[in-house]
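K.L.:
Here it is: the structure, laid out below.
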Amino acid sequence: MVLSCQNIEKAFLEKQVLKNCSFHIEDYEKAAIVGINGAGKTTLLRIIVGELEADGGLVTFAKDKTFGYLSQNAAVNGENTIYEELLSVKQYLIDMELRIRTLEQQMKLSEGKELEELMEQYAACTHSFEAANGYAYKSELTGVLKGLGFAEEEFSKPVSTLSGGQKTRVALGKLLLQKPDLIILDEPTNHLDMSSIAWLETYLLNYKGAVLIVSHDRYFLDRIASKIIEIDNTQVTVFQGNYSDYAAKKEQLRAAKMNAWLNQQREIKHQEEVIEKLRSFNREKSIRRAESREKMLEKMDVLEKPTEVKADMKIQLTPRIISGNDVCEAEHLAKSFGNHCLFTDLNFSIKRGEHVAIIGDNGTGKTTILKLINELTPLDGGKIKLGSKVQIGYYDQEHHVLHSDKTLFEEISDEYPTLINTEIRNTLAAFLFTGDDVFKRIKDLSGGERGRVSLAKLMLSECNFLILDEPTNHLDIASKEILEDALNQYSGTVLYVSHDRYFINRTASRILELEHGHLNNYLGNYDYYLEKKEEISLSENQTGISSSPAPESESKLSWQEKKEEQAARRKKENAIRKCEEKISSLEAREKEIEEQMLLPEICTNVEELTKLGREKEEIEEELLLLMDEWEELNK
């Protein structure tokens, strides 16, 4: 066991947040904490790591176990470059490497007993260095930075010039390189694109330690978690399995609790009716029986009514008019920002009733496509044509058409005067505004809160073409599910950009992947997209022939282009073969050196031992470079 939490309690003023919360984390276990916004997830993490004092209970880490914590606002050193900041984690290896070099110099100038002692120190030091992966730490560092979405040309950027999200990625990289026994992460996927999230999933799944995560990313939790720790109404309940397993078990338990509560309520009502009837007889015997039944009722352990799925908070999206079949046609779109070209010949079409998700790495131009359709950004070339009777409803996290002096309630009621108070409150509640929140003024809201109000307004509109940019940001899981259900029942057309793979999986009927300035078309949800990508990857590895889906503007390759493609493929195959031969040769030499270093005449010869050690180190470095090259060639 790595961590034990026993009867943790925490209240802020008179509001109880956590009550008698108990759970534990085993070695190598991957666990997640879930709950609605404000349930106390981050509070619990801060108590575990010692940033916040609990009112009661005990947090215990196993002896000699280490932990690392990534908060939502992780701090990093602004004076360092990105590379230097991560390199600081490996300072002990840098010091060890310097010690090895110093010992090598000292051995050259020593003899006799002093030399023997130095050689023992050298052997111990090199053994420790190798055991700590010393020969590969630079390659490991580069791999983590690239995995988290940093290009090599960004490594030298000062941390002080980075955005908040980039700084969080640097802090995450540092934590991963520290390799504690327990990694504790609070919303780690918030600032990552899809490829970086997929890399992090693989890293954590293979991590030789335990992981505890707070996240609203359900797809991430499905892949990573083997245990779900739920905080609901101050209480903790532990479920075995991933998020989908938890959701199914939670619904079963909720239904069982509701049935038990309903049955008990029926029994109470029945007993009350019997008591009333017995009293109405007005006989001594019947009154005694009534009193006996009343005592039984008083002793009954009355069940609390379970939290119900908020059916009243569901949203109904209904277009006012039906659009034509051709909703949006984009031909030969071109867009650049300065010297940075996003695309030069982008083509796609959207038909009525389609739910289309645009996915791709950060910076490829996904949001730009939405802005081009809405004429918020000018085209450099090409044209966009909207179909007949198309009415666009646009949600963009940067441009919220809100009135700063109005309350949330007024913002909705003024826009939609036919809605009754309950309908307005239910709509706002679906987007996490409850109770007196509805009387807050727009100007007092955070950026994320304003985004949620804009989304609520848009969901009430009667537009037939919804264009959404990251609609699930700033929503908790319950609100995401309400939005998903609303979109799935919506008869209009939807085009959106999202990094939320669970959301995409539930709502998309088609995926457009923006890659290298082209859109690849996949007729299905996110799971189908992954399946097809895997098939393409396997096909490429087996045949060396790229079978990527063609852009929508597919044109036949000329004979010359096909010849060039075949030549490039042969060149790549030759490069792979040569790389594999070099690796094989160097590995053979490395094994030969290791055998030589064990020979009595060598291990007592300082000069020869140092020479072989240096050669082995050079081989290690060259092998790492060759393996990187081989991996790149096989992409």
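K.L.:
So which of Leu98, Leu115, Leu87 ends up being in a helix (DSSP H, G or I), of a type in the set (A, V, I, L, M) and buried (at least 18 other Cβ atoms within 10 Å of the Cβ)?
P.N.:
Details: Leu98 fails: buried (at least 18 other Cβ atoms within 10 Å of the Cβ); Leu115 fails: buried (at least 18 other Cβ atoms within 10 Å of the Cβ).
Step by step, each of Leu98, Leu115, Leu87 is checked, and only Leu87 is in a helix (DSSP H, G or I), of a type in the set (A, V, I, L, M) and buried (at least 18 other Cβ atoms within 10 Å of the Cβ).
K.L.:
Which one of these is farther than 25 Å from Val34 by Cβ, in contact with a helix residue (DSSP H, G or I) (Cβ under 8 Å, 6 or more places away or on another chain) and not small (Gly, Ala, Ser): Leu145, Leu176?
P.N.:
Details: Leu176 fails: farther than 25 Å from Val34 by Cβ.
From the options Leu145, Leu176, the qualifying one is Leu145.
K.L.:
On to the next question. Against the conditions (1) under 31 Å from the mean Cα position of the chain (by Cα); (2) farther than 18 Å from Gly393 by Cβ; (3) at pLDDT below 90, where does Thr422 fall short? Just the number, please.
P.N.:
Exception for Thr422: condition (1).
K.L.:
Sticking with this one: Could you give me the residue pairs with C-beta distances under 8 Å whose first residue belongs to segment 600-624 and is more than 19 Å from Gln121 (Cβ to Cβ), whose second residue is in a helix (DSSP H, G or I) and among the aromatic types (Phe, Trp, Tyr) wherever it lies, and which are 6+ apart or on separate chains?
P.N.:
Pairs found: Glu620/Tyr135; Glu621/Tyr135; Leu624/Tyr135.
K.L.:
Next up: Does segment 126-137 contain any residue that is touching a residue at least 60 places away in the same chain (Cβ under 8 Å), touching a helix residue (DSSP H, G or I) at 6+ places or on another chain (Cβ under 6 Å) and outside any helix (DSSP H, G or I)?
P.N.:
No, because not a single residue in segment 126-137 is touching a residue at least 60 places away in the same chain (Cβ under 8 Å), touching a helix residue (DSSP H, G or I) at 6+ places or on another chain (Cβ under 6 Å) and outside any helix (DSSP H, G or I).
K.L.:
Sticking with this one: Looking at (1) closer than 30 Å to Tyr395 by Cα; (2) buried (at least 19 other Cβ atoms within 10 Å of the Cβ), which one does Gly363 not meet, given that it meets all the others?
P.N.:
Of (1) closer than 30 Å to Tyr395 by Cα; (2) buried (at least 19 other Cβ atoms within 10 Å of the Cβ), only one is false for Gly363: (2).
K.L.:
Something else about it: Condition check: modelled with pLDDT under 85, touching a helix residue (DSSP H, G or I) at 6+ places or on another chain (Cβ under 7 Å) and buried (at least 21 other Cβ atoms within 10 Å of the Cβ). Does Ser479 satisfy that? Walk me through how you get there before you give the answer.
P.N.:
Details: modelled with pLDDT under 85: yes; touching a helix residue (DSSP H, G or I) at 6+ places or on another chain (Cβ under 7 Å): yes; buried (at least 21 other Cβ atoms within 10 Å of the Cβ): yes.
Against the criterion (modelled with pLDDT under 85, touching a helix residue (DSSP H, G or I) at 6+ places or on another chain (Cβ under 7 Å) and buried (at least 21 other Cβ atoms within 10 Å of the Cβ)), Ser479 qualifies.
K.L.:
OK, next. Within segment 447-506, can you find the residues that are among the polar types (S, T, N, Q) and not in a strand (DSSP E or B)? Spell out the reasoning first.
P.N.:
Initial filter on segment 447-506 (among the polar types (S, T, N, Q)): 454, 461, 464, 472-473, 479, 488-489, 491, 493, 498, 505.
If the condition is that a residue be among the polar types (S, T, N, Q) and not in a strand (DSSP E or B), then Ser454, Ser461, Asn464, Thr472, Asn473, Ser479, Asn488, Gln489, Ser491, Ser498, Asn505 are the ones that fit.
K.L.:
Restricting attention to segment 5-24, report how many residues are of a type in the set (Val, Ile, Thr) and at pLDDT 95 or above. I'd like the intermediate steps shown before the answer.
P.N.:
Of all residues in segment 5-24, those of a type in the set (Val, Ile, Thr) come to 8, 17.
Narrowing the set further to residues that are at pLDDT 95 or above leaves 8.
Number satisfying all stated conditions: 1.
K.L.:
Can you find even one residue in segment 438-448 that is crowded, with 22+ Cβ neighbours inside 10 Å and closer than 22 Å to Thr367 by Cα? I'd like the intermediate steps shown before the answer.
P.N.:
The initial filter retains those residues of segment 438-448 that are crowded, with 22+ Cβ neighbours inside 10 Å, namely none.
No, every residue in segment 438-448 fails to be crowded, with 22+ Cβ neighbours inside 10 Å and closer than 22 Å to Thr367 by Cα.
K.L.:
Looking at segment 96-112, which of its residues are of a type in the set (D, E, K, R) and either at pLDDT 90 or above or under 50 Å from the mean Cα position of the chain (by Cα) (or both)?
P.N.:
Taking segment 96-112 first, the residues of a type in the set (D, E, K, R) are 97, 99, 101, 104, 108, 111.
Across segment 96-112, the qualifying residues are Glu97, Arg99, Arg101, Glu104.
K.L.:
Where in segment 156-256 are there strands (runs of 3 or more DSSP E), lying wholly inside it, with at least 1 residues that are crowded, with 16+ Cβ neighbours inside 10 Å and within 20 Å of the chain's Cα centre (by Cα)?
P.N.:
Details: elements: 182-186, 210-214, 227-232, 235-240.
Here the list reads 182-186, 210-214, 227-232.
K.L.:
Can you find even one residue in segment 429-436 that is of a type in the set (Gly, Ala, Ser) and either under 30 Å from Asp345 (Cα atoms) or touching an Asp or Glu at 6+ places or on another chain (Cβ under 9 Å) (or both)?
P.N.:
We begin by selecting, within segment 429-436, every residue of a type in the set (Gly, Ala, Ser); these are 429-430, 435.
Subset that is either under 30 Å from Asp345 (Cα atoms) or touching an Asp or Glu at 6+ places or on another chain (Cβ under 9 Å) (or both): 429.
Yes.
The values are calculated or read from the model by the stated rules, or taken from the named source; none is laboratory data. These figures come from a predicted structure and were not determined experimentally. A quick note on method: Cβ atoms are made from the backbone with ideal geometry, for glycine too, and the neighbour counts reach across all protein chains shown.
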